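K.L.:
Sharing a structure with you now.
The values are calculated or read from the model by the stated rules, or taken from the named source; none is laboratory data. These numbers come from a predicted model, not from an experiment. Here the Cβ positions follow ideal geometry from the backbone for every residue, glycine too, while neighbour counts run over all protein chains shown. Note: accessible area is taken over every heavy atom of the protein model, side chains too, but ligands, DNA and RNA are not part of it. Shrake-Rupley method; radii C 1.70, N 1.55, O 1.52, S 1.80 Å.
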Amino acid sequence: MDLSKAGNAQYLVRRSVYNESTFSEENEKKERVKKTYCERLKKSCRCSSRRVLLIFKSIFPILDWIPKYRWKEWIVGDLISGVTTGLISTLQGLSFALLAAVPVGYGLYSSFFPVLIYFFLGTSKHLSIGPFPVVSLMVGSVVKQYAPDSDLLPDSNNTGNESLEAKRILISGTLCFLIGIIQLGLGVLQIGFIVRYLGEPLVGGFTTAAAFQVLVSQINQLLSLTGKNHNGVLSIIYSLIDIFRDIAKTNICDFVAGLLAFLVCVVVKEINERFKHKLRVPIPIEIIVTIVATGVSYGANLKERYNASIVATIPSGFIKPMAPDVSMFSSMIGSAFSIGIVAYAVAVSVAKVYGTKHNYPVDGNQEFIANGASNLFGGIFSCFCASTALSRTAIQEGTGGKSQFASLISAVVVLIAIMALGRLLEPLQKSVLAAICIANLKGMFWQVRDVPRLWRENKWDSLIWVFTCIAAIILGLDLGLLAGLVFGLLTVVLRVQFPSCYSLGNVVDTDLYKNVKIYKHLVEPEGVKIVRFSSGIFYGNVEGLRNGIKRIVGFDSVKVFTKRTKALSKIHKLIKKGELKTTKNGVISPVGVDNLGYETEDDLEDPQGAEDDGIQTKEVEVQIDWNSELPVKVSVPKVSIHSIILDFSQISFLDVVAVKVLKLIFKEFKRIDVDPYIAACDDNILKKLETCSFFDETIKPDLFFLTVHDAVLYIEHTQTFRDGHDPLLEKISLMKESKIPLEHLILDPAYLDLHEPDEAMRALAF
């Protein structure tokens, strides 16, 4: 259908005016019966062969996708992708191990063991599990907290340094094991929704700050400096001070090698990005740089000639499984929780991106289980926490990877490096690994470009990004993440606390109602104000609703009632003195009394106190036109409306305080003869009002209408009869004057909106 022609389409609806009561009676509203906890438990415990199979498939997703694997079409792509990704994983494992403050060989273990578990438990077909720079840096900060660099001994004492390395390996493995327990527990408890609170702006600001932290930490490796370890608030400032203080001790050989490696990687990566549509496989620049740098270092003997800092030792084969140090759990559980959440958030966010791109689902809870089991298993084998690297996953998908077979093949490549090729990389300079790590941060640094876009789209999201980034840089990654999360939730509260409240007007000859401040040709029903509040109502913003209503209707109902009460009191006194008299209809008329010298608006009495004096509007027998000039010296605010409609179409929830205040608002308007109505109320909100005893003898479900237009038509109809007019006779009179046959009355939809057809047939009797 051509949507540009939709404006020419028309439709005509003929139905009765519905309030909640009449609609429920006509359509037989169902009574929902909630099941008891025992019934729910009994249903969840039912067992069948199909249910067992579905449970096994949910726990082991491999059982679902393996039978559907297209071997002839996909295996070649997975093979090429796996080999390429495996080579990248090998180098990233070595470089990211420096961030985790463990020997570089353990980065290979972290690129191998978690992949095996995720192969069976993961729901993403393209995710490349392994070290991630931000997570590795967070792990490194914890490792250095328990085993700081100050414990390093001179090179001559290798035994002491080996003891420190063993301690760091134990700490990182224990931390990885604890992270696995936390992630696995959250997955079993179905807490996958927790990642929803880590929105895109928050994650973007956090990862950018983490990239800056990674950069600062790698400058020490790039310059071959041994600075002090700093953790906590302002740690990055202290690290920069140490770098500038010790910059004269820079090893020129390491700096030149690292700088050249960085420039080559950046340039070639830019070429890969610009010509990615022409390059089937990106140029593996990290591999080329590593091979060349290793060859140069070995051939020129840089360690002996220039005292270059090299990898030195990469263990061949696997070490024995390690039992975690349970005694450290209590002291590192806070860090483990923050690292685990960040690792999961990054992994599941990337997984969902590629799941959406290739049209397959990613289960958040199962991803928690898969990541938890991977880290639990990896911790036993001395790994540090695994997540995913954005560049590595992009390579796995971009080089033709179709399934987790590509990850399995990449693990085999890493295995070959562990068993045979690792020792060949021992002459490699650490500054080259640091340069490769820094070059991979480009994507995270470029996230800064999101800030202007977010500012244009949503200023709150932009503030969350900036605040989280600054907080993570100043306070550290763990406290920064917590501060960003709290700030993000605070902005949600502020947005809900100060929502928009505006008046609606009718689009002529339709049942549509829009904001009168936005559209020009709108008509507000005479004597009626329609108020829309665009948020849930709770204790924090209910006063905003009251103030919005006051602003739109143009008066304060409490002040009006107080002034009217005071005026009635004075009128009674004047009547008793004989200075005022009443007619047979109860209408007052002055007897030589002027209305000069009104009291000020600030001279108000408490309406509750006025009621305590026994003076109420309903008890006074005289009739007063409150919008006319009064024969007493009281300034009563003018009330120009007789009805108010609260549009509840955008109200998503209510709390107990909101219900009580809403009931008070109804009573305040009713006692000044303004009829309140509610339109477009959701059934759940209506149920909440019933539960909280909102309805009583004066407030009934009849005041609730299905739409705003239903309420407006009802008010116009009742107000016409209240003013003493018979719309049927007026309609007949107009038709006779225009010489229109009365039979046309039945076909008039505008009239039939207000009357039953048999009532219209009464016109034929004239």
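K.L.:
Got a sec to turn the phi values of segment 501-506 into Karplus ³J(HN,Hα) couplings, 6.51 cos²θ - 1.76 cosθ + 1.60 with θ = phi - 60°, whole Hz, x for Gly and Pro?
P.N.:
9, 8, 8, 10, x, 8
K.L.:
What does the extension gain come out to for K29 and T226, with contour length at 0.36 nm per residue minus their alpha carbon separation? Intermediate results must be reported in sequence, preceding the final value.
P.N.:
On the way: separation 197, 0.36 × 197 = 70.92 nm, distance 7.50 nm.
Going from the current span to full extension adds 63.4 nm.
K.L.:
Show the residues, 5+ positions off or on another chain, whose built amide H is closer than 5 Å to the amide H of I530.
P.N.:
Correct list: L504, I645.
K.L.:
Let me ask something else about it. For segment 49-192, what does the accessible surface come to per residue with a 1.4 Å probe? Please give it in Å². Before the final figure, lay out the partial values.
P.N.:
Details: 5830 Å² over 144 residues.
Per residue, segment 49-192 has 40 Å² of solvent-accessible surface.
K.L.:
Still on this model: Ignoring ligands, DNA and RNA, please state the percent of accessible area on segment 14-147 from carbon and sulfur, probe 1.4 Å.
P.N.:
Values: 4370 of 7130 Å².
Of the solvent-accessible surface of segment 14-147, carbon and sulfur hold 61 percent.
K.L.:
Turning to a different aspect of this structure: Across bins of 5 angstrom width beginning at 0, how are the C-alpha pair distances of segment 275-319 distributed, in whole percent?
P.N.:
Reading the bins upward from 0: 5, 16, 17, 17, 15, 11, 8, 9, 3, 0.
K.L.:
Starting with the highest mean, order 460-468, 543-551, 164-172, 127-135 by the number of other Cβ atoms within 10 Å, averaged over the residues of each peptide.
P.N.:
Descending packing order for the listed peptides: 127-135, 460-468, 164-172, 543-551.
K.L.:
Counting only protein heavy atoms, what percent of the accessible surface of segment 336-446 is carbon or sulfur at a 1.4 Å probe?
P.N.:
On the way: 2340 of 3360 Å².
Answer for segment 336-446: carbon and sulfur cover 70 percent of the accessible area.
K.L.:
In Å, what Rg and Dmax follow from the Cα atoms of segment 192-322?
P.N.:
Answer for segment 192-322, Rg first and Dmax second: 19.2, 56 Å.
K.L.:
Scan around S382 for amide H atoms under 5 Å from its own, H built in the peptide plane at 1.01 Å from N, and keep only partners 5 or more places away or cross-chain.
P.N.:
M322
K.L.:
Ok, one more. Tell me the trypsin sites (Lys or Arg not before Pro) within segment 57-124 that lie in a loop according to DSSP and have at most 10 other beta-carbon atoms within 10 Å. Before the final figure, lay out each step's value.
P.N.:
On the way: sites: K57, K68, R70, K72; in loops: K68, R70.
Here the trypsin sites (Lys or Arg not before Pro) that fit, given the DSSP loop and packing criteria, are K68, R70.
K.L.:
Residue-wise, which Karplus ³J(HN,Hα) couplings in Hz belong to segment 182-196, taking 6.51 cos²θ - 1.76 cosθ + 1.60, θ = phi - 60°, and x for glycine or proline?
P.N.:
5, 5, 5, x, 5, x, 5, 7, 6, 9, x, 5, 4, 5, 5
K.L.:
Can you list the HN-Hα couplings for segment 559-566, worked out from phi with the Karplus curve (6.51, -1.76, 1.60; θ = phi - 60°), rounded to whole Hz and with x for Gly and Pro?
P.N.:
5, 4, 5, 5, 5, 5, 4, 5
K.L.:
Given +1 on the Cβ of Lys and Arg, -1 on the Cβ of Asp and Glu, and no further charges, what dipole in debye does segment 238-346 carry about its Cα centre, rounded to the nearest 20?
P.N.:
Details: 10 positive and 8 negative charges, 80 e Å.
Once rounded to the nearest 20, the dipole reads 380 debye.
K.L.:
Follow-up. Taking all pairs of different Cα atoms in segment 440-572, averaging 1/r and flipping that mean, what Kirkwood radius in angstroms comes out? Can you show the working numbers first?
P.N.:
Numbers: mean 1/r = 0.0521 Å⁻¹.
For segment 440-572, the Kirkwood estimate is 19.2 Å.
K.L.:
Right, something else. Assign unit charges at the C-beta atoms only (+1 for Lys and Arg, -1 for Asp and Glu), then state the dipole size of segment 412-491 relative to its Cα centre in Debye, rounded to the nearest 20. Kindly include the intermediate steps, with their values, before the conclusion.
P.N.:
Numbers: 7 positive and 5 negative charges, 45 e Å.
I would put it at about 220 debye.
K.L.:
Mind checking segment 270-306 for chymotrypsin sites (Phe, Trp or Tyr not before Pro) that DSSP puts in a loop (not H, G, I, E or B) and that have at most 12 other Cβ atoms within 10 Å? Could you put the intermediate results ahead of the total?
P.N.:
On the way: sites: F275, Y298, Y306; in loops: F275.
Of the chymotrypsin sites (Phe, Trp or Tyr not before Pro), the ones in loops of segment 270-306 whose Cβ has at most 12 other Cβ atoms within 10 Å are F275.
K.L.:
Here's something else I'd like to know. Do me a favour and compute the ellipsoid semi-axes for segment 252-402 from its Cα gyration tensor, root of five times each eigenvalue, largest one first, whole Å.
P.N.:
Values: eigenvalues 218, 153, 36 Å².
For segment 252-402, the semi-axes come out at 33, 28, 13 Å.
K.L.:
Let me ask another. Given a 1.4 Å probe, how much area per residue of segment 262-352 is accessible, in Å²?
P.N.:
Numbers: 5130 Å² over 91 residues.
With all protein chains present, segment 262-352 gives 56 Å² per residue.
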